[in-house]
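> The structure follows.
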Amino acid sequence: MKCGYVALIGRPNVGKSTLINTVIGEKVSIVTEKPQTTRNRITGIKNLPNAQIIFIDTPGIHKPRHKLGEFMVKEAQEAMDMVDLIVFMVEPEAPGKDELSIIERLKKLNKPVILAINKIDTVAKQNLLPLIELYNDLHPFQEIIPISALKKDGIERLVERIIFYLPESPMLYPEDMLTDQAERFMVAEFIREKIMKYTHDEIPYSVAVDIERWEETEKLISIGANIYVEREGQKIIIIGKKGERLKKIATEARLDIEKFLGTKIFLEVWVKVRKKWRQKDMLLKSLGY
């Protein structure tokens with residue numbers, strides 16, 4: 001039996017969350033088209049007859065502009081220190097400053113690293129070989145594997161090679177477990193995902209979700225959630241004309257939550273202003289950051 005922890009790292013929007021959901025076969029990490037969607041380390045567990053792979057989806061590594069950003073980068077960096085294997089994800093283009101900075105950190109770690117070149121469905125195949133050679137010169141990666149997390153191309157080979165580098169160990173989690181994230185955390189994430197989907201510019205990054213009420217009966221779970229923003233204008237935008245945008249966010253989130261929890265959900269959401277919450281340590285901690 002092979003079992004171990006695998007960190008997915010890379011700059012924002014390279015497809016880490018899409019990859020983890022594709023490999024697990026279930027939605028354990030929220031996905032949007034916007035960068036910096038993931039804020040916390042998310043654990044997804046892939047159970048196979050001969051292995052248990054414990055993936056850690058990390059926030060995109062970037063230059064932080066506030067305390068929340070500092071927390072996100074710290075989450076990614078700490079994940080690299082605690083795992084058995086690192087999968088460094090990049091897009092099919094020449095490495096930029098972010099990639100070069102990550103490679104410099106990888107050189108200081110005594111850990112095996114697989115480079116996964118994602119989104120290969122967006123480029124011509126003849127462009128991949130020079131890119132592989134370029135990355136090969138930058139770092140002694142154990143493997144360089146082209147993939148498309150969205151199209152599921154190359155995923156089987158990536159999983160095979162991950163298993164090869166994992167230590168021999170008994171399972172660390174029950175074989176029917178897909179994530180170790182608390183249900184309340186996942187519910188808050190589903191709501192935040194819909195906010196990111198239906199808002200633009202700075203608003204998605206100024207939003208936090210806190211589950212205030214959770215009451216279970218035999219027939220349903222009643223959930224109350226607070227959506228926090230930093231300015232009154234952002235609150236108005238999320239609510240929308242006659243509350244239509246907030247209703248759409250809540251309805252779509254409820255459907256995801258029902259699928260995840262396997263039961264009927266009654267969901268209420270409120271939008272509240274907490275000025276500069278991303279800069280305040282106490283507020284960040286109370287929101288799970």
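The values are calculated or read from the model by the stated rules, or taken from the named source; none is laboratory data. Since we're looking at a predicted model, the values are computed, not measured. Cβ placement follows ideal geometry from the backbone for every residue including glycine, while neighbour counts extend to all protein chains displayed. Heads up: the accessible areas ignore ligands, DNA and RNA and are worked out on the full protein's heavy atoms, side chains in. Shrake-Rupley method; radii C 1.70, N 1.55, O 1.52, S 1.80 Å.
> Filter segment 100-135 down to the residues that are among the aliphatic types (A, V, I, L, M) and within 22 Å of the chain's Cα centre (by Cα) and list them by number. Talk me through it step by step, then tell me what you get.
Step one: list which residues in segment 100-135 are among the aliphatic types (A, V, I, L, M), which gives 100, 102-103, 106, 109, 113-117, 120, 123-124, 128-129, 131-132, 134.
Within segment 100-135, Leu100, Ile102, Ile103, Leu106, Val113, Ile114, Leu115, Ala116, Ile117, Ile120 meet the criteria.
> A further question on this structure: Give the residues of segment 1-22 that are over 13 Å from the mean Cα position of the chain (by Cα) and open to solvent by less than 10 Å² (accessible area, probe 1.4 Å), sorted by residue number. First the steps, then the outcome.
First, the residues of segment 1-22 that are over 13 Å from the mean Cα position of the chain (by Cα): 1-6.
Residues satisfying the conditions are Cys3, Gly4, Val6.
> Across segment 216-240, which residue is least open to solvent (accessible area, probe 1.4 Å) among those that are over 20 Å from Ser206 (Cβ atoms) and out of contact with any helix residue (DSSP H, G or I) (no Cβ under 8 Å at 6 or more places or on another chain)? It would help to see each step written out before you state the result.
First, pick out the residues of segment 216-240 that are over 20 Å from Ser206 (Cβ atoms): 216-224.
Next, from what is left, pick out any that are out of contact with any helix residue (DSSP H, G or I) (no Cβ under 8 Å at 6 or more places or on another chain): 216-220, 222, 224.
Numbers: Glu216: 120, Thr217: 90, Glu218: 185, Lys219: 168, Leu220: 62, Ser222: 18, Gly224: 0 Å².
Of everything passing the filter in segment 216-240, Gly224 is least open to solvent (accessible area, probe 1.4 Å).
> Which condition number in (1) of a type outside the set (A, V, I, L, M, F, W, C); (2) surrounded by 15 or more Cβ atoms within 10 Å (Cβ to Cβ); (3) closer than 21 Å to Arg41 by Cα is the one that Ser148 fails?
In the conditions (1) of a type outside the set (A, V, I, L, M, F, W, C); (2) surrounded by 15 or more Cβ atoms within 10 Å (Cβ to Cβ); (3) closer than 21 Å to Arg41 by Cα, Ser148 misses (3) alone.
> Need a quick list: strands (runs of 3 or more DSSP E) entirely within segment 191-289 having at least 3 residues that are modelled with pLDDT of 95 or more, farther than 18 Å from Thr32 by Cα and among the small types (Gly, Ala, Ser).
Working: elements: 208-216, 220-229, 264-273.
It comes to 220-229.
> May I pose another question? Do you know which residues across segment 261-286 are open to solvent by less than 90 Å² (accessible area, probe 1.4 Å) and either aromatic (Phe, Trp, Tyr) or more than 23 Å from Gly243 (Cβ to Cβ) (or both)?
Leu261, Gly262, Thr263, Trp277, Arg278, Gln279, Asp281, Leu283, Leu284, Ser286, listed by residue number.
> Residues in segment 10-31 that are at pLDDT 90 or above and of a type in the set (Val, Ile, Thr): how many?
The total comes to 6.
> Run down Lys67, Lys97, Lys74 and say which single residue is open to solvent by 10 Å² or more (accessible area, probe 1.4 Å), within 17 Å of the chain's Cα centre (by Cα), more than 19 Å from Leu19 (Cβ to Cβ) and among the basic types (Lys, Arg). Walk me through it before giving the result.
Details: Lys67 fails: within 17 Å of the chain's Cα centre (by Cα); Lys97 fails: within 17 Å of the chain's Cα centre (by Cα).
Unique residue meeting the criteria: Lys74.
> Further question: Restricting to segment 157-213, name every residue that is over 20 Å from the mean Cα position of the chain (by Cα) and either open to solvent by less than 40 Å² (accessible area, probe 1.4 Å) or small (Gly, Ala, Ser) (or both).
Result: Ile163, Leu166, Ser169.
> Out of curiosity, is Asn110 in a loop (DSSP other than H, G, I, E, B) and either surrounded by fewer than 16 Cβ atoms within 10 Å (Cβ to Cβ) or without any contact (Cβ under 8 Å) to a residue 40 or more places away in the chain (or both)?
Values: in a loop (DSSP other than H, G, I, E, B): yes; either surrounded by fewer than 16 Cβ atoms within 10 Å (Cβ to Cβ) or without any contact (Cβ under 8 Å) to a residue 40 or more places away in the chain (or both): yes.
Spelling it out, Asn110 is indeed in a loop (DSSP other than H, G, I, E, B) and either surrounded by fewer than 16 Cβ atoms within 10 Å (Cβ to Cβ) or without any contact (Cβ under 8 Å) to a residue 40 or more places away in the chain (or both).
> Residue check: is Ala51 open to solvent by less than 20 Å² (accessible area, probe 1.4 Å) and farther than 30 Å from Tyr289 by Cβ?
On the way: open to solvent by less than 20 Å² (accessible area, probe 1.4 Å): yes; farther than 30 Å from Tyr289 by Cβ: yes.
Considered against the rule, which asks whether it is open to solvent by less than 20 Å² (accessible area, probe 1.4 Å) and farther than 30 Å from Tyr289 by Cβ, Ala51 comes out as yes.
> Among (1) in contact with a strand residue (DSSP E or B) (Cβ under 8 Å, 6 or more places away or on another chain); (2) in contact (Cβ under 8 Å) with a residue 12 or more places away in the chain; (3) farther than 28 Å from His66 by Cα, which single condition is Glu215 missing?
Every listed condition holds for Glu215 apart from (2).
> So which residues in segment 49-70 are modelled with pLDDT under 95 and part of a strand (DSSP E or B), if there are any at all?
Scanning segment 49-70 gives Ile54, Phe55, Ile56, Asp57.
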